[in-house]
1. Hand me the trypsin sites (Lys or Arg not before Pro) from the range 145-176 located in a DSSP loop with no more than 11 other Cβ atoms within 10 Å, in residue order please.
2. Which residue, Met258, Ser275, Ile247, has the largest displacement toward the positive end of the dipole of the range 215-284 when charges sit on each Cβ (Lys, Arg +1; Asp, Glu -1)?
3. Looking at the chain, identify the longest residue range that excludes and avoids all GluC sites (Glu not before Pro) in DSSP loops having at most 12 other Cβ atoms within 10 Å.
4. Residue by residue, what Karplus-based ³J(HN,Hα) values in Hz, rounded to whole numbers, does the range 62-69 have, using 6.51, -1.76 and 1.60 with θ = phi - 60° and x for Gly and Pro?
5. With the Cα gyration tensor of the chain in hand, give its eigenvalues times 5 under a square root as the equivalent ellipsoid semi-axes, listed largest first in whole angstrom.
6. Only four residue types carry charge here, +1 at the Cβ of Lys and Arg and -1 at the Cβ of Asp and Glu. Report the dipole size of the chain about the Cα centre in Debye, rounded to the nearest 20.
7. Which order results if Tyr298, Tyr237, Tyr42 are arranged by neighbouring Cβ count within 10 Å, fewest first?
8. What residues qualify as long-range amide H neighbours of Ala249, i.e. H under 5 Å apart, gap of 5 or more or another chain, H built at 1.01 Å from N?
Amino acid sequence: MHVENITKAGFLNVEIDPSLDIFAEIGKLKKEKNAVILAHYYQEPDIQDVADYIGDSLGLAQKAANTNADIIVFAGVHFMAETAKILNPHKKVLLPDLRAGCSLSDSCPPPLFKVFKEMHPDHLVISYINCSAGIKALSDIICTSSNAQQIVESLPKEQKIIFAPDKNLGGYINKMTGRNMLLWNGACMVHEIFSTEKIIKLKNRHPDAKVIAHPECEEPVLQLADFIGSTTQLLKYTETNKSNSFIVATEAGILHKMRLNTPAKTFIAAPPDNSCACNDCPHMKLNTLEKLYICMKYEQPEIIMDEEIRIASKIPIDRMLQLSHQLGLIG
Ligand code: 13P
Ligand code: SF4
């Protein structure tokens with residue numbers, strides 16, 4: 001199939017022999033091609049099980065920056081694979097389905113953000129990693145939900161800051177740091193779906209359960225939380241906290257790792273504000289084990305970037321990695 005067709009479809013549409021042991025084949029391809037599979041916690045359980053590393057956005061960026069593999073297979077969404085490519089221009093970066101986007105990233109188009117930035121020339125721009133390379137290129141520092149608070153606190157109190165694209169994470173950081181950052185009005189469709197009413201009802205039925213939430217959730221949900229953190233921080237909390245049950249307000253994929261790490265504990269997905277029983281990210285879930293196998297076998301679809309944008313977007317990512325080292329947040 002031609003590259004243009006893959007770009008249109010998002011993935012290579014190749015039939016797989018149903019008798020094939022895909023897990024074993026992926027293992028073979030990893031060795032043959034010196035490939036590494038980096039996966040986010042929101043990926044389906046099968047993908048998490050074949051991954052070499054599963055992590056949050058900061059951990060994944062750090063792994064991507066340090067890998068010796070020739071091919072990076074990124075099981076996550078486009079901005080994550082793009083970040084890996086920004087850091088590794090000479091490596092092949094594959095994404096099982098190119099259509100795996102992100103509603104939060106989409107809520108901040110570069111041309112509009114450029115105008116917003118020009119309206120506030122005395123502001124420094126901190127952007128959450130969930131944004132396109134075009135937004136990263138317009139930013140001074142990138143952050144993730146693991147390091148946003150510390151990065152903001154490392155700047156002088158009087159420094160004026162624009163925070164993009166997530167108004168919920170930005171609002172939470174404003175509250176935690178006492179800053180008054182100017183917020184871009186973006187949000188994640190998955191983290192804005194939770195129902196406070198249903199979480200309160202659940203909490204009444206499970207009074208000992210701790211409510212844990214990702215800071216991309218809206219303020220009323222965060223107010224109900226006993227603990228707020230990035231996906232890795234939420235996972236660690238469930239391992240170290242004495243409680244035996246947790247109501248989890250983030251994408252449901254993380255429950256797989258939580259259940260694997262502490263099988264005796266109970267994990268309940270926080271209910272969304274609609275009749276659907278799940279809170280899956282439709283973008284993350286476009287990647288499947290079959291698409292992962294096909295993309296490794298044919299080395300398509302691949303992330304291709306404009307070199308000028310890549311160079312400009314690398315500067316604020318490097319600053320984030322450097323600051324995270326200095327602040328002791330990564331090894
Ligand atoms: P983290 O895993 O960095 O907490 O990010 C969550 C998320 O929404 C990724 O898209
Ligand atoms: Fe984007 Fe939200 Fe999906 Fe994360 S969960 S990839 S922020 S849409």
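1. Those that pass, being in a loop and sparsely packed, are Lys157.
2. Met258
3. 159-331
4. Computed from phi, the couplings for the range 62-69 are 5, 4, 4, 6, 10, 6, 9, 5 Hz.
5. They are 30, 27, 18 Å, listed from largest to smallest.
6. 720
7. Final ranking by Cβ density, sparse to dense: Tyr298, Tyr237, Tyr42.
8. Ile212, Ala213, His214, Ala270
Each reported figure results from applying straightforward, stated rules to the coordinates on display, with no laboratory input. Since this is a predicted model, take the numbers as computed values, not measurements. Positions of Cβ are generated from backbone atoms using ideal geometry, with glycine treated the same way; all protein chains shown enter the neighbour counts.
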